[in-house]
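For reference, the structure discussed in these notes is given below.
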Amino acid sequence: LPKVLHSLFTSNRTGRLRIVAGTTEKRLYVASGLPVYAESSIPEETLGAYLGSKNIITEEQQTRARIEMNKRGRQFGDALLKLNIISPHQLFTEMEQHLAEKIVSTFSWKQGLFRFEDDESWKDDVVIARMKPARILLDGVQRFWTAQEVLASARFTLDSRTFVVEEPPYPDDQMALTPAEAKLVQLARRNQTIREIAAATGLDGEKVVPTVYALWV
């Protein structure tokens with residue numbers, strides 16, 4: 001998945017990425033290489049469930065919004081706005097985070113199939129969100145890929161030296177690096193080994209290796 005998302009970004013593709021694992025399906029909508037919307041067949045990944053898990057809305061408010069949604073043929077978010085349960089600014093902010101989380105959680109899938117369809121017909125039917133592909137890639141790998149899994153599939157070891165790529169494809173604002181990640185990048189620019197970076201950052205290899213892999217991709 002990291003390489004697929006990176007490929008869509010660098011090739012500036014627009015369309016739908018369908019990802020299937022067993023009976024579970026997700027669809028990622030991409031505009032000019034940027035992820036802008038996502039759909040999931042997992043009930044726990046609905047907007048209502050997400051807002052409820054963050055204690056932003058109550059179960060009673062979820063029920064009211066679902067009734068309004070079904071009665072008026074509205075989207076769940078529109079129903080929340082109609083009922084004055086949430087402000088437009090907060091809704092859009094939470095929707096962006098929710099959509100990104102749908103994609104990030106897909107990194108936990110160990111097997112599956114994907115297919116990309118070049119298509120722009122969906123653009124008028126979805127709310128375009130401003131998601132950062134580089135940040136999604138980093139978060140997904142860090143959260144769900146172990147160091148052992150990375151070393152088993154990547155073409156480097158703990159004693160491999162890092163190097164700097166000329167004109168990296170992602171601007172700094174797309175990376176949204178944390179202070180710890182920024183320090184790791186500084187060390188990587190000194191051509192240190194991954195083992196040396198892990199020792200210098202004070203982080204164990206379980207954290208450093210997936211982060212280095214995501215940056216490498």
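The values are calculated or read from the model by the stated rules, or taken from the named source; none is laboratory data. Please read all numbers here as calculations on a predicted model, not as lab measurements. Cβ placement follows ideal geometry from the backbone for every residue including glycine, while neighbour counts extend to all protein chains displayed. For accessibility, only protein heavy atoms count, side chains too; no ligands or nucleic acids. Shrake-Rupley method; radii C 1.70, N 1.55, O 1.52, S 1.80 Å.
With every protein chain present, what accessible area does Ile103 have (1.4 Å probe, heavy atoms only), rounded to the nearest 10 Å²?
10 Å²
Relative contact order for the chain: what percent, with Cα pairs under 8 Å and sequence separation of 6 or more?
Relative contact order here is 22 percent.
Can you show me the helix-derived [θ] at 222 nm for the chain, built from DSSP H runs with n ≥ 4 at -39,500 (n - 2.57) apiece and divided by the number of residues, rounded to the nearest 500. Working shown, then result.
On the way: 11 runs with 107 residues, N = 217.
For the chain, the value works out to -14500 deg cm²/dmol.
Roughly how many Å² of Ile67 are accessible to a 1.4 Å probe, to the nearest 10?
The accessible area comes out at roughly 100 Å².
Under 20 Å between alpha carbons: how many lysine pairs meet that in the chain, if sequence neighbours fewer than 8 apart on the same chain are excluded?
17
As I understand it, the dipole of the stretch 1-66 uses +1 on the Cβ of Lys and Arg and -1 on the Cβ of Asp and Glu, about the Cα centre. Which of Thr23, Thr10, Leu34 lies farthest toward its positive end?
Thr10
Starting from the 7 Å offset along Cα-to-Cβ, what nm value, one decimal, do you get for the label separation of Arg18 and Val165?
Simple spin-label model gives 3.0 nm for this pair.
With +1 on each Lys and Arg Cβ and -1 on each Asp and Glu Cβ, how big is the dipole of the stretch 74-188 about its Cα centre, in debye rounded to the nearest 20?
It works out to roughly 440 debye.
Counting only protein heavy atoms and a 1.4 Å probe, tell me what percentage of the chain's accessible area is made up of carbon and sulfur.
Result for the chain: 50 percent of the exposed heavy-atom area is carbon or sulfur.
With every protein chain left in place, what is the accessible area per residue of the stretch 117-217 in square angstrom, probe 1.4 Å?
61 Å²
Extension gain Leu203-Ala49, at 0.36 nm per residue separation less the Cα-Cα distance, in nm?
52.1 nm
Scan the stretch 134-215 for trypsin sites (Lys or Arg not before Pro) in coil per DSSP, keeping those whose Cβ has at most 14 other Cβ atoms within 10 Å, and list them by number.
Answer in residue order: Arg155, Arg189, Arg190.
Please sort by residue number the chymotrypsin sites (Phe, Trp or Tyr not before Pro) in the stretch 56-112 whose DSSP state is loop and whose Cβ has at most 16 other Cβ atoms within 10 Å.
For chymotrypsin sites (Phe, Trp or Tyr not before Pro) across the stretch 56-112 that sit outside H, G, I, E and B with at most 16 neighbouring Cβ atoms in 10 Å, the list reads Trp109.
In square nanometres, what is the average projected area of the Cα convex hull of the chain? Don't skip to the answer; put the middle values down first.
Working: hull surface 53.6 nm².
Taking a quarter of the hull surface, the average projection is 13.4 nm².
Just flag the trypsin sites (Lys or Arg not before Pro) in the stretch 1-60 sitting in loop per DSSP whose Cβ has no more than 12 other Cβ atoms within 10 Å.
Of the trypsin sites (Lys or Arg not before Pro), the ones in loops of the stretch 1-60 whose Cβ has at most 12 other Cβ atoms within 10 Å are Lys54.
Could you tell me which of Gln75, Phe163, Ile56 has its Cα farthest along the dipole of the stretch 53-169 towards the positive end, charges placed at Cβ (Lys, Arg +1; Asp, Glu -1), taken about the Cα centre?
Of the candidates, Ile56 comes out farthest on the positive side.
To the nearest 10 square angstrom, how much accessible area does His6 have with a 1.4 angstrom probe?
40 Å²
Using a 1.4 Å probe and counting only protein heavy atoms, arrange Ser41, Ser53 so the residue with the most accessible area comes first.
Numbers: Ser41 65, Ser53 85 Å².
Solvent-accessible surface, decreasing: Ser53, Ser41.
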